[in-house]
Every structure is written in structure tokens, then in C-alpha cells.
Amino acid sequence: MPSTAAAADKVPRPLDRVVMESLPPPVPTLAECVTLMEQYGMLPNIRHHSLVVARLAEQLWAGLCAFAPERPRTDRTLVIAGALLHDIAKTPCMVNNGDHARIGGEICREHGFAEIAAIVEEHVILRNFEPDRYQLGYFSAGEIVYYADKRVRHNVVVHLNQRLEYILDHYGKNNPVRHQLIRENFKKCLTLEHYLFQWLPYGPSDLGAF
Ligand SMILES: [Fe+2]
């Protein structure tokens, strides 16, 4: 008598499911990003912030492509959609004090956007901090969005140190442990910036200027 699991293995799966599983996970279109922003009640100021982050992220992506065109680059639509949706859970989390990166990831997964979920989850703290890879000029969509987000305070492009001041003020809550964690995260961001701009045809001050 075959086991139930072995018998289930022999049941042919519908062709559409086989095809879907062999394709890369979908990336939301711009229209789908806007629909999600509306569905999750994104406040206008957070939407504005996200649009500026998306603009910077796209500028970084284009600069990396122009500087070393022979290198395989992460997908442009992934970078833009990840930036647009990185704060998708920010508005609901303002009410329930939740972790907006984790909850934002859950929202994106629920909608079938697994790659975007991973970007959203690491936009506050990078999952893999790998300076050796950065030195070789390889940056993921998540790292591009993480860096772009650190350069935008509200809807204004600022330098990393200016953003650090705001984050310490806003999220540090006069707690030395929190301050230490925030500073350590920023040190990583400074390292990422250092290597990123070795692979770009412009400097950190030029970001957002054109
Ligand atoms: Fe943000």
C-alpha cells in the first residue's frame, strides 16, 4: 500500500501551477504599488517620502548601470517597486506601534510579492552586510533601497549624518542602548555609501540633484 504522501506526489499538478512556480516571483507594477498605498492608508507625507526614495533609488541603479555596463545588475522595476512600498506598513504601525519593516514584509508576501517583501524587511537593518561584495561593485535591490531611504528625511534629500541626527532624535528615545544600535547601523550605511560611490559616476552630494 503506497503512503498518502507518495500517492499525493503522483497526482499531476495543474499545468498553470507548474508554469507559475518556474517563473520568478512577480513584481508589482506602478499602478499596483499605488493601489497598495491606498489600500493600506499610506498618509500623503509618507507617500511623498516614498516617491523621493524611489527617485533616488532609480538614480543609483541607473548610475551603477552606466558606470559598469558589463556587470549584471538587479532589476530596475524591483528597485523602484521596493522603494515605493518600503514604508507600506508605516501608517498602520503608527497606530499600533508595530514593527513597520516586518509587517510591511508580511503585507507584500500576502499579495504574492515575495521579492519586494524581502526588500521591505531589510530597509531598516540590512540582512546581509557584505563589504567584500560591495568592493566588487555588486549591490542588491534591498541595499539600494536601504541606502536611498537613509538619504531622505521626510521628502528632502539629506546627507547621512543629517538623517542620523533625526533618527537618534525620533527613534533613540534617550535610550543609550537604542542610540548605540542606531549608530552601529549607520556605520554600516557609511561603509555601503563608501563602496557604492566608487561604482558611480557622481558623488554622494550629487544624489537627487539631477
Ligand atoms: Fe522610509
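Summary table
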quantity	calculated
Rounded D (µm²/s) - the range 95-210, Kirkwood Rh over Cα pairs, Stokes-Einstein at 37 °C, 0.692 mPa s	215 µm²/s
Extent along principal axes [Cα atoms of the range 51-95; Å; largest to smallest]	46, 16, 11
P(r), alpha carbons of the range 72-136 - 5 Å bins starting at zero, rounded %	4, 19, 24, 23, 16, 9, 5, 2, 0
For the chain, alpha-carbon Rg relative to the globular expectation (2.2 N^0.38 Å, N residues)	1.15
Radius 12 Å from Cβ of residue 100, net charge of other residues (Lys, Arg +1; Asp, Glu -1)	-3
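No value in this document is a laboratory result; all are computed from the given coordinates. Predicted model, so just to flag it, every value in this text is computed and none were measured. Cβ: placed from backbone, ideal geometry, glycine included. Neighbour counts: every protein chain shown.
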